[in-house]
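The values are calculated or read from the model by the stated rules, or taken from the named source; none is laboratory data. Since the model is a prediction, treat every value here as computed from it, not as a measurement. No Cβ is skipped: glycine too gets one built from the backbone with ideal geometry, and neighbour counts run over all protein chains shown. Surface accessibility is based on the protein's heavy atoms, side chains included, excluding ligands, DNA and RNA. Shrake-Rupley method; radii C 1.70, N 1.55, O 1.52, S 1.80 Å.
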Amino acid sequence: MPTPAPFPPLPVEPPSGCPFDPPEGLARLRLEEPLSKVALDDGSWAWLATRYADVRAILGDQRFSSDTSTPGYPVSGMTGGSPRPDAARGFIRMDPPEHTRLRRMVTRDFMVKRVEALRPTLQRLTDELCDEMERVDRSEHPVDLVQALALPLPSLAISLLLGVPYEDHDTFQRLTGTLLSRETGEEDRGPARAELLAYIDGLVRAKVAEPGDDIISRLATEQHARGELTHEDLVAFAVLLLVAGHETTANMIGLSALSLMLDPETAGRLREDPSLVRGAVEELLRFHSIIRNGPRRAALEDVEVGGRLIRKGEGVIVAVPSANRDEDVFPDAGRLDITRPNAQHHVAFGYGIHQCLGQALARAELQIVITTLLRRFPTMRPAVPVEEIPFRTDMVIYGCHALPVTW
């Protein structure tokens, strides 16, 4: 066992009160020591930034590296990927100029204009899933909103965009779940990572041989064919977009629906005035902040942040849930306020050059789902007490493992 660093551990445990609140201890650190040192599982340590201003400063400063091979990068406790420098990391774990070059290849596929053109398709998929929900005999058992709607919709959408057969969704959802669990050991994580890479590798090779009308095919026939993108980078692209494209939005859908079921007054306002939904989505993103274990960086040189000196080679973890609950920026931050005037300034999608590529798609999916659920299921409610809902306290991306509902 490694000798632990002489600092308190990284706060990851959920609060004992409201299940929507950030991990216990973050609020105290934000008030008392907003930039503090925390111990990691491998005995190393990293800086933890909990204040909004510091989080934005770090994420927006290219003197902090996203490359996992950078000396001091806090890889301990990470899930999903591999810290090995020779692994297919995906462009989110790269720095400019390589990050810029690769990200630019898919930026157009996720621009607001392109996503707006997808809205009719997203609405159709949502309606079809809601039709299936209505056909369920709830006298036998409640509907699990996660399995019936929250997970299938973003999975269908990203599968359609990437050209991934949706009938394989059980495979990639199972493997993603293993990779994103904080409780998965490397003896299970390694095989799951290898299986997912092998699945995507086969898919990419099939697209190279017989392209379709999708993002992977376009990358294969354009950038890969011209030698601008290696096969390994193309596989890493597909893995990143597939995993990020369904896991995050699925959990935001579940938490958002539950929040509104528990707040009938707010749900009623949105039902009566759907024009409030766009602002409500921004507030829900701020309020929930489902990324609980990062982002992470390593200092490329000495940098002063918030009056503290972070030296070259020291790692940093930014606490997005804490930043989005900073009372200096969001007064009464622990309250869900769908008319909050500055909710859109949240950092739920990150900040700076690594800001979430798929945020326009995520926003559209959330807006469509919330509007549709409020219209079609005005009496929807949890079928079990909140205390019995299995929250994803074991996962890096917070949410609900299941959400039994009735109406």
Q: For residues that are more than 27 Å from residue 13 (Cβ to Cβ) and in contact (Cβ under 8 Å) with a residue 12 or more places away in the chain, scanning just the stretch 308-343, find the one that is most open to solvent (accessible area, probe 1.4 Å).
A: 312
**Q.** Among (1) surrounded by fewer than 23 Cβ atoms within 10 Å (Cβ to Cβ); (2) in contact with a Lys or Arg (Cβ under 7 Å, 6 or more places away or on another chain); (3) under 18 Å from residue 163 (Cα atoms) - the single one residue 236 does not satisfy
**A.** (1)
Q | helices (runs of 4 or more DSSP H) (entirely within the stretch 161-234) containing at least 3 residues that are under 25 Å from residue 393 (Cα atoms), modelled with pLDDT under 90 and touching a Leu at 6+ places or on another chain (Cβ under 8 Å) | A | 169-179, 186-209
Q) Can you name the residue in the stretch 102-113 that is part of a helix (DSSP H, G or I) and either touching a residue at least 12 places away in the same chain (Cβ under 8 Å) or open to solvent by less than 70 Å² (accessible area, probe 1.4 Å) (or both) and is also farthest from residue 240 (Cα to Cα) among such residues? A) 112
(Q) Please pick out the residue among 54, 21 that is out of contact with any Phe, Trp or Tyr (no Cβ under 6 Å at 6 or more places or on another chain) and open to solvent by less than 20 Å² (accessible area, probe 1.4 Å). (A) 54
(Q) Filter the stretch 271-283 down to the residues that are free of Cβ contacts under 8 Å to residues at least 12 places away in the same chain and more than 23 Å from residue 345 (Cβ to Cβ) and list them by number. (A) 272
**Q.** Those residues of the stretch 357-381 which are within 16 Å of residue 253 (Cβ to Cβ) and open to solvent by 30 Å² or more (accessible area, probe 1.4 Å), in sequence order
**A.** 359, 363, 371, 375, 376
Q) Among the residues of the stretch 76-90, is any at pLDDT 90 or above and at positive phi? A) no
Q. Condition test on residue 210, is it touching a residue at least 12 places away in the same chain (Cβ under 8 Å) and open to solvent by 60 Å² or more (accessible area, probe 1.4 Å)?
A. no
Q. With (1) more than 19 Å from the chain's Cα centre (by Cα); (2) modelled with pLDDT of 85 or more; (3) of a type in the set (D, E, K, R); (4) part of a loop (DSSP other than H, G, I, E, B) as the list, and residue 21 as the residue in question, which single condition is left unmet?
A. (1)
Q: Working carefully through the options 304, 282, 247, find the one that is open to solvent by 10 Å² or more (accessible area, probe 1.4 Å), part of a strand (DSSP E or B) and among the acidic types (Asp, Glu).
A: 304
Q: Starting from the stretch 284-298, take each residue that is within 9 Å of residue 255 (Cβ to Cβ) and list its partners that are of a type in the set (S, T, N, Q) and crowded, with 23+ Cβ neighbours inside 10 Å, counting only C-beta distances under 6 angstrom and pairs at least six apart or across chains.
A: 284/256; 290/251
(Q) Suppose we filter the stretch 132-158 for residues that are over 23 Å from residue 173 (Cα atoms) and either open to solvent by less than 20 Å² (accessible area, probe 1.4 Å) or among the charged types (D, E, K, R) (or both); how many remain? (A) 5
Q. With (1) buried (at least 21 other Cβ atoms within 10 Å of the Cβ); (2) assigned to a helix (DSSP H, G or I); (3) out of contact with any Cys (no Cβ under 7 Å at 6 or more places or on another chain) as the list, and residue 297 as the residue in question, which single condition is left unmet?
A. (2)
Q.
Please verify whether residue 204 is within 19 Å of the chain's Cα centre (by Cα) and either under 24 Å from residue 353 (Cα atoms) or open to solvent by less than 20 Å² (accessible area, probe 1.4 Å) (or both), treating the condition exactly as stated.
A. no
